[in-house]
Amino acid sequence: MKKQVLPALIGIVVALLAGLLILWAQGYPPLESYAALFSYSLFSKFAFFSTLDKATPLILTGLSAAVGFGSNCVNLGQPGQFLIGAMAVTAFGIAVDLPAGLMIPLSILVALVAGACWSGIAAGLRRRFKMDEFITTLMLNFIADYFTLYLISGPMLDKRMYSPLTPMTNPGAWLPIWNGFGSAFLVAVAAFAVVSVLWNRSKIGYEWRAMGQNPIFSRTGGCRNDAAYVWAMLLSGALAGLAGGLMIMGGMQHRFVKGIGANYAWDGVMIAIVANNNMIATGLYALFFSVIQTGSMGMELETSVPSEFSLVLQAIVVLFVVASRESTRVLINNITAELRMRRARGRDKGMGDGRHASNG
Amino acid sequence: MQDQFIKMDSITKIYPPDTLALDKVDLEIQEGEIHSIIGENGAGKSTLMKVFYGMAPPSGGEIHFRGRKAKFATPREAVASGIGMVHQEFMLIPSYTVYENVILGAEPAGRFGTLRHADTKPKVEELVDTYGLNIDINSRIGDISVGAQQKVEILKLLYRDVDVLIMDEPTAALTPQEAGELFARLRGLNKVGKTIIFISHKLDEVLELSDRITVMRKGRRVVTVDNRGLDKAELARAMVGRDVVFSIEKAPASLGEIVFEARGLRYVDENGVIRLEGVSFDVRRGEIVGIAGVEGNGQYELVQLVTGLLSAQSGRVFIGGHDVTGEDVMARRKLMCYVPQDRKVSGSAQNMSLVDNAIMTHHRLNPEIEDRCEALLSSGRCRAFTSRLVEDFGVLVPELDAPISSLSGGNQQKVVVGREFMLDTDFILLDQPTRGLDVGSIEYVQEEVVRRRDAGAGCLLISADLDELFSLSDRILVMSRGRVVAELRPEATTREEIGEYMLGAKDAQEDWRAREEVGK
Amino acid sequence: LAAPPRYKVAYLINGALGDLSFYDSGQEGIDRIKKELNAETRTIECNYDPVAYPQALQSVVAWGADVIFVVSYGFEDLLMQYADMYPEKKWINLDTVVQNKKNTITNVDFIEEEGAFMAGVVAGLVTTDTSIPGVNRDKVIGAVCGEDDPIMRGFLFGYEQGAKHIDKDVELKTIFAGTWDDPVRGKQAAKQLYSQKVDIIFQIAALTGSGVLEAAKEEGKYAIGVDSNQNGLQPGHVVTSMLKHMGQSIYRVYGTILDGKYKPGMVLEYGLREGGVGLAIDSHTKEILPAKSLQRVIDIENKVKSGVIKVERYRG
Amino acid sequence: MHLMVEMIRSSILSATPVLLAGLGGAYTFHANVFNIAMEGMMLIGAFTAVAGSYFSGSWIMGVLSGIAGGLVAALIFAIFVVSLKTDEFVTGTALNMLALGGTTYSLRQLFHVKGAFMSHAIQSMPRWNIPLISRIPHLGPILSGHPFIVYASILLAFVVEWHIFGTRYGLRLRAVGEDARAVDSVGVSSDRIKAQAIIASGVLCGLAGAYLSLGYVTLFSENMSNGRGWIALAVIILTRGRPMGLLLMSLVFGLFDGLGLSLQGTIIPPQFTQMVPYIATIVALYFYSREKRSARGGKETPTT
Ligand SMILES: Nc1ncnc2c1ncn2[C@@H]1O[C@H](COP(=O)(O)OP(=O)(O)OP(=O)(O)O)[C@@H](O)[C@H]1O
Ligand SMILES: Nc1ncnc2c1ncn2[C@@H]1O[C@H](COP(=O)(O)OP(=O)(O)OP(=O)(O)O)[C@@H](O)[C@H]1O
Ligand SMILES: [Mg+2]
Ligand SMILES: [Mg+2]
């Protein structure tokens, strides 16, 4: 972990500097823009809470991807699982009306199960027919996309509305907002805690990690890889589903709106890979990405920097962090090697030349 | 200077971050000699040759070749100067044919790089004939035996018409017969003027073959001697820096009840090839049963069937009196330890920490490392467990949280062996437990196995190393083409006899007689 | 002549600029009030991301906007809440009708059925007139839509009415491309329609529609643009464009604010008569449509404006 | 023109970008480089092609700069993956993101538009009318009148087939994919072969992008590759990187792509018809995996 912090910091700093350079080259005031970036994401209560709101889905999709990749399941189906989770919660919240005390836990459960079912399809196809989950999950994304679109523009359309969206869920399913702070974030934090413990401390978590590092090793050691694979896929899907569900339960909209998935799922994939599937790092990068995304609106307002800039910035961060992870290691190794070489030379001078011992 | 064919001067190599693989090594090799290099694992033999061959840039030092300063930046330049190397691990493309492997990197090509085989194929065929290699150049590498693959590696060098052949541990996976054949071939090449550099752990081979011998230890050249009336023990001492016991001393076996039994195992693989047929034998408490055989004759499948990684089409497996035929790996691991042959691939996860590698299998079976909640593992207890393993098995480690890849191969192997032995079961399956280890580590692992046997465990030992089989086993089974073709007692047989069984030269009739003899 | 007061004006849209029609047309209006009316303007795009909606509203308020033009598909509820929280600001909601408790939102509702009706009239005239080069004998017209939503349905509803007004036998074939931003797919859809005897296609698909226009040119057939004047994009093949004068409406509403005639809580229905929607008729149109037909278009337009012809609305 | 004819014609057209990208990906596939950056390379190629054509006023320059765009993306990918040894998956994903953000951002900076850039100054690829064939009824419209890249890509499939399976480079390429060290040991730099394969994939993906923005339509729009790189990746895996298989499968994909649109007007809601290509890919994968299973003797070996 400690070894990861330095390259990550180097990568982030270099990427932010590169961003600064791009802004400057394009004629935007770079420092002012960055000031706007941070002040619209951190330096006011509302800004900070917005950042947490944005971080909520990112944390969950990030965890989803980390669990998947970390245990050697290439689940790229977060977008689909996200949508299905959101849709299931919407349908549940419209159809069922119970007090909040019941409604909220049940809705969370529904989101988890729905997401897990969607990834479960891919897991099943893999187990049963050996079909690569990497392709099936990708294709299931498109299918989920069109399927939910069908629902919101047909059977579940709110007839009074102008664009494809469903009616609101019953208020029992709404997560409270306390003074601007969306409690959905707490659900994400709880999920983070549970998944971290599961991942780092539990037996199945150990098997997932072992399978992720070397499936032959874990299989030889007696781990039931097939079962572990299915559980990892289900958990991964459930987390993405929860991310979708919280979009409906949290915030102020409480309905399934077209485009609700936005880029959260893909961002989660990015986050997991810069974090190298480490849970704590996933949480931190989710927060960091959410700062960039939230702040980009501030840059647009204050210094007219197009909001696409945040996309560029994120990609640069990923590339630089990944590159610096590799190159700092190589660099440190080479420096150590050089020192060692020098030491060896110094030693020889001190000791004289005693190495031509015998030559037969 | 003229007579100096190859002269390495003060070669140093540091692998980042701080593995000093070569420490100012000087070495001279004369034209036309067979020069052996011996040394423990990690002594730097391979590295020295890789530096010479242009595969690893040296950190310091100079190389002179034919009196001229040579600095090969890539193997291509080395090859162009007439130097060829057969690596410790074969460098062959399994899905390619022999011919394609031979020409790879020096392909005959016409316009736009189109391959042209018209002239080359006959040339390769001719080489095969001239040197009596006896292989079909159109068969796929994946389909031919290890011995034949070895020949392909040599053929690659002949095709490139090299003058210097570097052979890095070529005999590791060969039968005695195949090794003998290889030596004859090398001598033949030597006669037509080729210089041969030969690397091996096996002192007998080296003494048999070489003109001169260089001993390396811990990245330094210890000594170079002419091979005249040399003594094996002396060489060994030079290698490890202390006296080495060549044969493990062990008390006669005191047999207990049957702890493992295989009954009529048959396995047909995905391609419909019969890999195992009617394999039946048992192992008793207090004995070590060795299995000899040329690689690829069913040992791999046997191990997989015993551990439960594969399931047999027919036949049953009993461990400790339980029928485990339908059980999965974990259920069987309660009853058996298993030291897999490839510690890097199946014995460990190189990027995981020492602790995470040490608790594999124990995590389900050993309540000692559980947390209060049964589904969780206690990290403190896992560490304590690992410390105990490290202590009991004398593993040299920097810290428990370091990735296992930061340990040397020998120490990694100790972790694997220790982990398995700590399962403390009555049946032990060892698959090539000492392959690639140095003399010191081999000694350690072998002694540990004997200790377990004396404590009443039954061991099944699969090994390609006949010396090991002879010194450890109480009984030796020979496998050939998926069958157990002989059951022999080490004190009543010879290497050559076993070799004949391994190659299938002896037939089944004799085999049965041999079995009956032992049965008495 | 004193310069008008320097208001802070925000244009907040649920989607993104660059559709070459709806949102962009609104942006034109914003640019105009910036240039001509001394406003300080900002545009916020939410890129269809629901999490961005509350943040966008909050940011606009934080920035200190006085006048907020908003396209609020998908966050109507939020808009109501914010309008109630900040009643002193001028909230102008475009293209839909949203009413908050304090009734401070002014809505600009476009009667797109009327515009689409006129597009249908033109399509009907083209497909029934075999003297126009490339027009076949079958009376089939087409439409390529983006995604399926109520506004789309409204367009189609008006379009079909218009065509049937010319000739009861005209048949309408529709393809939903399923996306607003894939011209490649739009072109593919259009080509399929043209291969099914369609003479003229009404594109109601934002960016996807630019593929439709290209297909028209390639096939030697005709198309009708949408939202802004696209007649010049493929000259000779785009007969007309159905305009939704977003920009003009924004300019007009902003004008009432400067005049002091602005009243919060209104629903401004901008149809043909009010100039909220209409057809772009220019030299490109005249090149394709015979003068007689053109005259008929103008007659019908006047009848709609004067209420002689009643165009039914989708949500009747 | 008949709907059938139009369907076949349009399937050829929409198969082309998938085929081109797929041929590029075949190189990386055989070099065992997991190239998920094809989507991004294509997008960058589409953008630079339009920019090149717009500023130079020549479609040839447009195509060349499309190729150059793909090339630059490939160089970035190669530097990271081959030189810095970063993970292919990570780098590819980041590159896709960079391509999406970068092209959108540049669209605004360079052309001051959002969403899409159209202009009469963009020169599109000329279409080739094949003299005799174009007059054959039905067949004529199917085979004739396409941008030249359509023909080039079919030809290219044969060239790539020859290049990968019949030349010195191909022999080395496939060897690198199987065991890079073995190739290094005979004095051929496997890194170099890998880099070349990545570059080849970049060039072909750039060409695919140029086809999208200058051949199929004449404009650039945000995210205009729109998943075609992913489809290409799926097709490569399904055909195991064989150019002839790619040719066939991308046509099949093109057909399903068009089918999705034309199934509308039946009672199936449009959203379901739009799923057709993706469902078809899953079905294809099912058959592919079944074939793989039965090639192994049909017997499942338990993996626990
Ligand atoms: N690629 C590498 N990176 C880092 N260290 C290495 C590398 N290859 C070898 N080493 C280390 O260099 C030292 C010398 O290794 P080398 O392979 O030359 O030994 P060897 O004498 O050939 O041993 P063996 O008998 O096991 O083949 C060992 O400590 C080894 O661990
Ligand atoms: N690619 C590598 N990068 C860094 N270090 C390596 C590499 N390969 C080997 N090493 C280092 O070399 C040592 C062991 O290497 P290796 O596995 O080659 O040894 P071995 O020959 O199998 O075993 P031993 O030398 O202990 O008998 C360890 O210290 C390991 O960290
Ligand atoms: Mg070694
Ligand atoms: Mg070695």
Odd one out for residue B:331 among (1) assigned to a loop (DSSP other than H, G, I, E, B); (2) hydrophobic (A, V, I, L, M, F, W, C); (3) at the interface with another protein chain (Cβ under 10 Å from one of its Cβ atoms): (1)
Residues within segment B:10-36 that are within 8 Å of ligand 1 (Cβ to nearest atom) and either of a type in the set (Phe, Trp, Tyr) or more than 12 Å from chain A (Cβ to nearest Cβ) (or both), tallied: 1
Test: residue in segment B:88-101 that is crowded, with 21+ Cβ neighbours inside 10 Å, within 25 Å of residue B:193 (Cα to Cα) and among the β-branched types (Val, Ile, Thr): no
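Of the residues in segment A:263-296, how many are part of a helix (DSSP H, G or I) and either among the polar types (S, T, N, Q) or within 19 Å of residue C:51 (Cβ to Cβ) (or both)? Explain how you work it out, then say what you get.
Residues of segment A:263-296 part of a helix (DSSP H, G or I): A:264-274, A:279-296.
Checking the rest, the ones that are also either among the polar types (S, T, N, Q) or within 19 Å of residue C:51 (Cβ to Cβ) (or both) come to A:264-271, A:282-283, A:285-296.
Adding up the residues that qualify gives 22.
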Any pair with Cβ under 7 angstrom, 6 or more apart, that starts in segment C:89-100 at a residue that is more than 11 Å from chain A (Cβ to nearest Cβ) and ends at one that is in a loop (DSSP other than H, G, I, E, B) and among the aromatic types (Phe, Trp, Tyr): C:90/C:262
Subset of segment C:166-193 (residues that are assigned to a strand (DSSP E or B), within 7 Å of another protein chain (Cβ to nearest Cβ) and of a type in the set (A, V, I, L, M, F, W, C)): C:175, C:176
Test: residue in segment B:159-167 that is within 14 Å of chain D (Cβ to nearest Cβ) and within 16 Å of ligand 1 (Cβ to nearest atom): yes
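Among the residues of segment B:134-144, count how many are closer than 21 Å to residue B:93 by Cβ and without any contact (Cβ under 8 Å) to a residue 24 or more places away in the chain.
Of segment B:134-144, the ones closer than 21 Å to residue B:93 by Cβ are B:135-144.
Then drop every residue that is not without any contact (Cβ under 8 Å) to a residue 24 or more places away in the chain, which leaves B:143.
Of the residues in that region, 1 qualify.
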Tally, over segment B:80-100, of residues that are more than 16 Å from ligand 4 (Cβ to nearest atom) and within 27 Å of the chain's Cα centre (by Cα): 11
Single unsatisfied condition, residue B:58 versus (1) more than 14 Å from chain D (Cβ to nearest Cβ); (2) in contact with a Gly (Cβ under 8 Å, 6 or more places away or on another chain); (3) in a loop (DSSP other than H, G, I, E, B): (2)
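Give the residue that is surrounded by the fewest Cβ atoms within 10 Å (Cβ to Cβ), with candidates limited to residues of segment D:214-252 that are among the polar types (S, T, N, Q) and within 9 Å of chain C (Cβ to nearest Cβ). If you could, list the steps in order and put the result at the bottom.
Our first condition is that a residue be among the polar types (S, T, N, Q); within segment D:214-252, this holds for D:218, D:221, D:223, D:225-226, D:239, D:250.
Keeping just the survivors that are within 9 Å of chain C (Cβ to nearest Cβ) gives D:218, D:221, D:223, D:226.
Values: D:218: 24, D:221: 33, D:223: 17, D:226: 21.
Result: D:223.
Quick check on residue B:214: is it in contact with an Asp or Glu (Cβ under 9 Å, 6 or more places away or on another chain), more than 16 Å from ligand 3 (Cβ to nearest atom), of a type outside the set (A, V, I, L, M) and closer than 25 Å to residue B:25 by Cα? Outline the logic, then answer.
Values: in contact with an Asp or Glu (Cβ under 9 Å, 6 or more places away or on another chain): no; more than 16 Å from ligand 3 (Cβ to nearest atom): yes; of a type outside the set (A, V, I, L, M): yes; closer than 25 Å to residue B:25 by Cα: yes.
Here the answer is no, as residue B:214 does not meet what is asked.
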Subset of segment B:35-61 that is under 23 Å from the mean Cα position of the chain (by Cα) and away from ligand 4 (no atom under 13 Å from the Cβ) - its residue that is surrounded by the fewest Cβ atoms within 10 Å (Cβ to Cβ): B:35
Qualifying residue in segment B:431-441 (condition: away from ligand 2 (no atom under 15 Å from the Cβ) and over 21 Å from residue B:370 (Cβ atoms)): yes
Complete set of residues in segment D:153-176 that are in contact (Cβ under 8 Å) with a residue 60 or more places away in the chain and either more than 9 Å from chain B (Cβ to nearest Cβ) or hydrophobic (A, V, I, L, M, F, W, C) (or both): D:153, D:154, D:156, D:157, D:158, D:160, D:161, D:164, D:173, D:176
Yes/no for residue B:81 being within 16 Å of ligand 1 (Cβ to nearest atom) and either modelled with pLDDT of 85 or more or among the acidic types (Asp, Glu) (or both): no
Residues located in segment B:28-54, provided they are part of a loop (DSSP other than H, G, I, E, B) and either outside the structural domain of residue B:214 (by TED's automatic domain parsing) or within 13 Å of ligand 2 (Cβ to nearest atom) (or both): B:40, B:41, B:42, B:43, B:44
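Taking the condition of being within 14 Å of ligand 4 (Cβ to nearest atom) and in contact with a strand residue (DSSP E or B) (Cβ under 7 Å, 6 or more places away or on another chain), how many residues in segment B:9-24 meet it? Don't jump to the end; show me each part of the working.
Filtering segment B:9-24 down to residues within 14 Å of ligand 4 (Cβ to nearest atom) leaves B:13, B:15, B:19, B:21-22.
Then keep just the ones that are in contact with a strand residue (DSSP E or B) (Cβ under 7 Å, 6 or more places away or on another chain); that gives B:13, B:15, B:21-22.
Result for segment B:9-24: 4.
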Residue satisfying all of: in segment B:199-215; within 14 Å of residue B:239 (Cβ to Cβ) and of a type in the set (Ser, Thr, Tyr); farthest from ligand 2 (Cβ to nearest atom) among these: B:214
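Scan segment B:405-426 for residues that are within 16 Å of ligand 1 (Cβ to nearest atom) and touching a Phe, Trp or Tyr at 6+ places or on another chain (Cβ under 7 Å) and report the count. Spell out the reasoning first.
Here is the first cut: in segment B:405-426, the ones within 16 Å of ligand 1 (Cβ to nearest atom) are B:405-415.
After this cut, where a residue has to be touching a Phe, Trp or Tyr at 6+ places or on another chain (Cβ under 7 Å) as well, the list is B:414.
The number of residues fulfilling the criteria is 1.
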Residue check, residue A:50 outside any loop (DSSP other than H, G, I, E, B) and modelled with pLDDT of 90 or more: no
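Run down B:376, B:389 and say which single residue is more than 14 Å from ligand 2 (Cβ to nearest atom) and surrounded by fewer than 20 Cβ atoms within 10 Å (Cβ to Cβ).
Values: B:389 fails: surrounded by fewer than 20 Cβ atoms within 10 Å (Cβ to Cβ).
It is B:376.
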Evaluation of residue B:107 against (1) charged (D, E, K, R); (2) part of a helix (DSSP H, G or I); (3) within 14 Å of chain D (Cβ to nearest Cβ) (one fails), failing number: (2)
Filtered residues of segment C:113-150 (kept if in contact with a strand residue (DSSP E or B) (Cβ under 6 Å, 6 or more places away or on another chain) and of a type in the set (D, E, K, R)): C:114, C:148
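For residue A:280, are the conditions met, namely being closer than 16 Å to residue A:66 by Cα, among the β-branched types (Val, Ile, Thr) and more than 8 Å from chain D (Cβ to nearest Cβ)? Let's see the steps before the verdict.
On the way: closer than 16 Å to residue A:66 by Cα: yes; among the β-branched types (Val, Ile, Thr): yes; more than 8 Å from chain D (Cβ to nearest Cβ): yes.
Taking the combined requirement at face value, the residue satisfies it.
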Pick from segment A:150-170, criterion modelled with pLDDT of 90 or more and touching a Gly at 6+ places or on another chain (Cβ under 9 Å), ranking: farthest from the other protein chains (Cβ to nearest Cβ): A:170
Residue satisfying all of: in segment C:187-198; buried (at least 24 other Cβ atoms within 10 Å of the Cβ) and in contact with a strand residue (DSSP E or B) (Cβ under 6 Å, 6 or more places away or on another chain); farthest from residue D:227 (Cα to Cα) among these: C:198
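The values are calculated or read from the model by the stated rules, or taken from the named source; none is laboratory data. As the structure is a computational prediction, the values presented were derived from the model and not from experiment. Methodologically, a virtual Cβ is constructed for each residue, glycine included, from the backbone with ideal geometry; neighbour enumeration extends over all protein chains shown.
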